[in-house]
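Following: one structure in structure tokens, then a few remarks.
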Amino acid sequence: MPNRRRALLIVFLLAMAALASVAASLAAGSLPLGYSDLWQVFRGDETGIVAEVVRTLRLPRALAGLACGGLLALAGSLMQVLLKNPLADPYVLGVSGGASVGALAAMLFGLPLIMLHLGAFAGALISMLLVFGLAHGDGSWTQTRLLLTGVIVASGCGALVALMLSVAPEHQLRGMLFWLMGDLSQGESSWPALTVLALGLVAVLPFARDLGILARGELSAQALGVPVARLRILVYVLASLFTAVAVNSAGSIGFIGLIVPHLVRLAMKSSAGNDQRLLLPASALAGGALLVTADTLARTIVAPQQLPVGVLTALLGVPAFLYLLARQQR
């Protein structure tokens, strides 16, 4: 019981960190604001330019970062549980690249927004099925085969992206390139991503106990009556959907799904064990807080110029990935 209370405390602290990151994002910028100013805006006492900046520019962007970071971390958590591999995430395994291919194809042909969403989801699902299908080997995934297959699929997606960029019209090219590097400036419609994140958690939490059992081994899960095949399909679809929505909202942002679930498991290992009912929400909160913080830095470090947020997450993620890879080899 004390361990569970400690795990709940960590989840609460992560929720506070997510709120703090949003508040810092609302306060930082070319028009610096105090927290008293923010309080007046949300109370309705402030109706001038300050309220306009907060409500129409900064708040949608912060909420989009919170949702996209949570979606990527949740997708990474599901993949790592399914594959029992801490190096699995949407970016490394090529799922994010597949979603980018689908979304860019819709952009290139000038298709409506709904086709952009469907294209990203189809690309993510196809990439995931390719990676997991080709890496299955003789009945079980191996870490080496999985990572190699993911690198190959990601390289193929990168080649398709380069091909589409090379034939894209000049007036579309810059926007497509910036979007590929991660861009939350188009976060006016943050509610779809937030809705998918909330509904995704509602959908996956009833299966959290089965996921925890599956993480201990497929044979053990089958012996305990866990519907492994149905659970695997659920993870395929949900991880693809989460990645596609995040890519649509913020572009290709890497390493959130790799770093966050692993660090959350390390922080909660002694208290939550393998309880996915706590680990999944904690990962979503931590992922959202990390992406909002990275986006705040991206738009303030060299202000008024904005850096692509994907650049900062990659600078954080590459050393962490190399460390995890070296640790796995040892």
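The values are calculated or read from the model by the stated rules, or taken from the named source; none is laboratory data. Because the structure is predicted, anything quoted here is derived from the model rather than measured. Here the Cβ is made from the backbone with ideal geometry for all residues, glycine too, and neighbour counts use every protein chain on show.
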Subject >> residue 296, sole failed condition from (1) closer than 30 Å to residue 111 by Cβ; (2) assigned to a helix (DSSP H, G or I) >> reply: (1)
Original post:
Do we find that residue 97 is crowded, with 24+ Cβ neighbours inside 10 Å and either acidic (Asp, Glu) or within 19 Å of residue 320 (Cβ to Cβ) (or both) in this structure?
Top reply: no
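Every residue, every condition in (1) under 30 Å from residue 207 (Cβ atoms); (2) in contact with a strand residue (DSSP E or B) (Cβ under 9 Å, 6 or more places away or on another chain); (3) of a type in the set (D, E, K, R), yes or no:
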residue	(1), (2), (3)
32	no, no, no
37	no, no, yes
44	no, no, no
51	no, no, no
56	no, no, no
67	yes, no, no
75	yes, no, no
80	yes, no, no
85	yes, no, no
**OP:** State all residues of region 214-263 that are more than 24 Å from the chain's Cα centre (by Cα) and β-branched (Val, Ile, Thr); if no residue qualifies, say none.
**Re:** 226, 228
**OP:** May I ask you to verify whether residue 194 is without any contact (Cβ under 8 Å) to a residue 12 or more places away in the chain, part of a helix (DSSP H, G or I) and under 28 Å from residue 63 (Cα atoms)?
**Re:** no
Original post:
Is one or more of the residues making up region 7-23 touching a Ser or Thr at 6+ places or on another chain (Cβ under 6 Å), at pLDDT below 85, surrounded by 14 or more Cβ atoms within 10 Å (Cβ to Cβ) and in a helix (DSSP H, G or I)?
Top reply: yes
Original post:
Taking the condition surrounded by 13 or more Cβ atoms within 10 Å (Cβ to Cβ) and either assigned to a helix (DSSP H, G or I) or modelled with pLDDT under 80 (or both), does residue 33 pass?
Top reply: no
Subject >> Single unsatisfied condition, residue 254 versus (1) assigned to a loop (DSSP other than H, G, I, E, B); (2) surrounded by fewer than 21 Cβ atoms within 10 Å (Cβ to Cβ) >> reply: (2)
Original post:
Is it true that some residue in region 212-230 is part of a helix (DSSP H, G or I), crowded, with 19+ Cβ neighbours inside 10 Å and modelled with pLDDT of 85 or more?
Top reply: no
**OP:** Would you be able to tell me the number of residues in region 68-94 that are in a helix (DSSP H, G or I), surrounded by fewer than 24 Cβ atoms within 10 Å (Cβ to Cβ) and among the polar types (S, T, N, Q)?
**Re:** 1
Original post:
So, of the residues in region 43-67 that are surrounded by fewer than 14 Cβ atoms within 10 Å (Cβ to Cβ) and in a helix (DSSP H, G or I), which turns out to be modelled with the lowest pLDDT?
Top reply: 43
**OP:** Just name the residue that is modelled with the highest pLDDT out of those in region 244-292 that are among the hydroxyl-bearing types (Ser, Thr, Tyr) and within 20 Å of residue 182 (Cβ to Cβ).
**Re:** 283
